[in-house]
Amino acid sequence: MLSGGSMQQTKKNQGFTLIELMVTVAIMAIIAMMAAPNLQSSIDKRTIERTTSDFEKNLAQARADAVLYRKKITIHINVAGLDTETDRYWALPVDANIVFKTGVCVGGAWSTTPITSLSSIVFLAQGNVESLPANIEIQIKNEKAERFIYLTNFGRITSSFKSTFEGDCE
């Protein structure tokens, strides 16, 4: 017969009880439910960051190619197609929106105007942008995040987390 100490030793080697496992699984499920909304928000933000970076790189590459090859390079926005020597195509992800606008400083504050008919951007051989009414801001956004690209008539491209047209102006 086993002594009391041996029985206790055997019980310790048997593993976890069903109740201990159920409590552990329940705690893990609660933690996962709390983290899920934050995870989706992070995914949405990352999608916008990646989309903005991709568009900014496409603009910069088109400008560089226009200067290098001394040709007009056209980026067709939100249109599917195969890239050619002079035409590039860039499509927005399904869950994102794009807004184009110009801004004018009036009395120390920005006055913005949306551009609704912009479907392409053409870079000239000098690196300038053809037929751009003014410097434009391109806002790429979804429900959780937004990023901005600022494009000048001279072809300068910058991106930011904040709109150029926010705050005071000179």
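Calculate the FRET efficiency for M28 and K144 from the Cβ-Cβ distance with a Förster distance of 35 Å, rounded to the nearest 0.05. Present the calculation step by step, with values, prior to reporting the outcome.
Values: r = 26 Å, r/R0 = 0.74.
Working from the Cβ atoms, E equals 0.85.
Diagonalise the Cα gyration tensor of the range 38-129 and give the resulting equivalent ellipsoid semi-axes, square root of 5 times each eigenvalue, largest first, whole Å.
On the way: eigenvalues 126, 93, 30 Å².
For the range 38-129, the semi-axes come out at 25, 22, 12 Å.
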Quiz item: From the Cα gyration tensor of the range 88-170, with a ≥ b ≥ c the square roots of its eigenvalues, which class applies: rounded if a/c is under 1.5, or else prolate if a/b is larger than b/c, or else oblate?
Solution: oblate
Practice problem: Give me the number: length gained by fully extending T158 to A80, i.e. 0.36 nm times residue separation minus the C-alpha to C-alpha distance, one decimal in nm. | Solution: 25.6 nm
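If you stretched the chain out fully between S120 and K45, how much longer would it get, using 0.36 nm times the residue separation minus the C-alpha to C-alpha distance? Display every interim value, and only then the final one.
Numbers: separation 75, 0.36 × 75 = 27.00 nm, distance 2.55 nm.
Extra length from S120 to K45 when fully extended: 24.4 nm.
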Quiz prompt | Residue-averaged 222 nm ellipticity for the chain, from DSSP H runs of 4+ at -39500 (n - 2.57), nearest 500 | solution = -13000 deg cm²/dmol
Quiz item: In the set [x] 19.5, 60; [y] 15.0, 42; [z] 27.8, 97, which value of Rg and Dmax of the Cα atoms in Å was calculated from the structure you see?
Solution: [z]
Exercise. Whole number in Å², please: accessible area per residue of the chain, 1.4 Å probe, ligands, DNA and RNA not counted.
Key: 67 Å²
Exercise. Evaluate the Debye formula for the range 27-68 with equal point scatterers sitting on the alpha carbons, no solvent, and hand back log10 of I(q)/I(0) at q = 0.16, 0.27, 0.28, 0.29 Å⁻¹, in q order, two decimals.
Key: -0.57, -0.84, -0.86, -0.88
Exercise. Go through K101/K144; K45/K72; K45/K71; K45/K101 and tell me which ones have a Cα-Cα distance over 29 Å in this structure.
Key: K45/K72; K45/K71
Practice problem: Calculate what fraction, in whole %, of the accessible area of the range 30-164 sits on carbon and sulfur atoms when a 1.4 Å probe is rolled over the protein chains. | Solution: 54 percent
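The values are calculated or read from the model by the stated rules, or taken from the named source; none is laboratory data. On a predicted model such as this, the values are computed, not experimentally measured, just so you know. So basically every Cβ, Gly included, is an ideal-geometry build from the backbone, and we count neighbours across all protein chains shown. Ligands, DNA and RNA are stripped out before the accessible areas are found, and what is left, the full protein with its side chains, is counted by its heavy atoms. Shrake-Rupley method; radii C 1.70, N 1.55, O 1.52, S 1.80 Å.
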